[in-house]
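These notes are about the structure you will find just below.
Just so you know, all these numbers are worked out from the coordinates, no wet-lab data involved. Worth saying up front: this structure is predicted, and the values here are computed from it rather than measured. Note that we place each Cβ from the backbone using ideal geometry, even for glycine, and neighbour counts take in every protein chain shown.
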Amino acid sequence: MAVTDEKKFDENKAYTVAVPKEKYALKQHLAFSYPEWKLVDCDSLDDAADMVIHEKADCFLMGASQALLYDGNRDFKSIPLTGTMEACFAVRGGEGAFYRY
């Protein structure tokens, strides 16, 4: 889920997205699924929220259950992302293969 204070959020447009700096796999997945997005490092989800409030980022990402904590708080709203559903990963015997539908 994308958490944002944007009035209209279209996941196909270019955005600056705050991502915790230790989330390497998430960054790789976002770079593939949303190549037009600019990813910026943050230290925590609270830091990401502050970045959105201070207009240093347009949104940040988190799981659906966590996003409810921010939904409606500080004018934030949660937006489900469809681009993340277009890919699936398969691993067999230590070798990875990526399939995009």
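What to note about this one:
- Which of Phe60, Phe76 has the fewest Cβ neighbours within 10 Å, and the rest in rising order: Phe76, Phe60
- Cross-link partners of Lys7 among lysines, defined as those whose alpha carbon lies under 18 angstrom from its own and excluding same-chain residues fewer than eight positions apart: Lys56, Lys77.
- Between Arg74 and Lys27, the simple label model (points 7 Å from Cα in the Cβ direction) yields a spacing of 2.2 nm.
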